[in-house]
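Everything on this sheet refers to the single structure shown next.
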Amino acid sequence: MNRLENSLKWMRWIAFAVPFVMLFGFQGKERVIHSKPLGTIKTIVIDAGHGGKDPGCHGSSAHEKNVCLAMALELGRKIKEGYPEIKVVFTRDKDVFVELDDRAKIANRANADLFICIHANSASATAYGTETYVLGLHKTDAQAKIADRENSTIYLEADKGEKYKDFDMSPDAIIARQLQLSVFLDQSILFADKLQDEFKTIGRYNRGVKQAGFLVLYKTTMPSVLIETGFLTNRDEEKFLADSEGQSKMAGAMFTAFEKYKAELEGVDYKTRGAQEIADNSVVEKKDFKDQVVFRVQIETSETKIAANSSRFKKHEVFEYQQDKLYKYTVGEFVDDFNAANTYKNELRQKEFPNAFVVAFQNGERISLEKAIKLAEK
Ligand SMILES: [Zn+2]
């Protein structure tokens, strides 16, 4: 073997090995991010908060662990009934204690496409409303307190939280983790937005989509949300959440949000109850497609700006926009033509972007796919 052949052999070996080193070396054992397409939802893990010796928070009589379990089971039942092909996994289906770490492990091992944690909130008697969390840095002390309360479950675990000792939940670590999971973060926010919309539809007060450092979200490697369904410390909300009718309404709203999320990810129209626009603060595009609907295929999301010539875009020319304080990148541009965008998305998924999905814009604003498809049909 001459020297050139020898160095070629090494280069080939490095080209082969580097992606593995990056994947496993940087992310550690339990954190390998699976790369199957997110387009079709095959498995959902539903996580009823607390349980067993950990009752969670409480109102005058209701305990968080019980109301969460009731809503989780009802949501699972609805999904199984509506989509028999989807596998529904519960982290617990009865009143037992499950360690936080194990909840995330159950989701990762199941290779879940979506992880839904259901909780109830606690504060003063005057606080009320629903909020949905995705992993991130808390913006207020109140959000930090909620994360601390939900994370404190670890002290009830067998080793009193010893195994989380080396677990870095510093702001820097959370940001680094968010970046690793950035492709899921956008989808987590998409689902969280839809959940909050549906809670509003059934008359709950919308406290919004928020971010905080929840251990259970940190460890999962798929789109994940944590729902605080209401305050047990508020007399009216306790009554609503402890009642089977209220629980069924909440599970129904979660189910509708899931249906809309699924439809949007899979790029199909969701035909019901009229279009709802995504409430957002998207920043405008330069080109002028006055009143027309423009479909694009989103391939990347990041907390920081990515250079247009970055290797992450695999030589594609990208369109950048900002939403929810994130930079988002799309390829392709299809005016009033959803089908063409959808076909392009499928191509991209098979090649270099398994997580690609279709997004829509009108007059520089991102709008929901269901609304866009209806507008484009006209
Ligand atoms: Zn909780």
Using alpha carbon positions and the Kirkwood radius, the Rg to Rh ratio of the range 293-377 is 0.96
Can you give me the long-range amide H partners of Phe90? Hydrogens built in the peptide plane at 1.01 Å from N, cutoff under 5 Å, separation of 5 or more residues or another chain.
Ile46
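With viscosity set to 1.002 mPa s and temperature to 20 °C, compute the Stokes-Einstein D of the range 33-266, Rh being the Kirkwood radius across alpha carbon pairs; µm²/s, no decimals. Please list the in-between numbers first.
Working: Rh = 17.4 Å.
It diffuses with D of about 123 µm²/s by this estimate.
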What are the semi-axes of the equivalent ellipsoid of the range 76-140, taken as the square roots of 5 times the eigenvalues of the Cα gyration tensor, listed largest first and rounded to whole Å?
26, 16, 14
For the cross-link pairs Lys80/Lys145; Lys163/Lys325; Lys94/Lys219; Lys210/Lys314, which exceed 26 Å when the distance is taken from alpha carbon to alpha carbon?
Lys80/Lys145; Lys163/Lys325; Lys210/Lys314
For Tyr155 the rounded accessible area (nearest 10 Å², probe 1.4 Å, non-protein molecules ignored) is 140 Å²
Accessible surface of Leu190 in the full protein assembly, 1.4 angstrom probe, to the nearest 10 Å²?
20 Å²
Considering only protein heavy atoms, what is the solvent-accessible area of Asp291 at a probe of 1.4 Å, reported in Å² to the nearest 10?
90 Å²
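The values are calculated or read from the model by the stated rules, or taken from the named source; none is laboratory data. Predicted model only: the values in this text are computed from it and were never measured. Side chains are part of the model used for accessible areas, which takes the heavy atoms of the whole protein and leaves out ligands, DNA and RNA. Shrake-Rupley method; radii C 1.70, N 1.55, O 1.52, S 1.80 Å.
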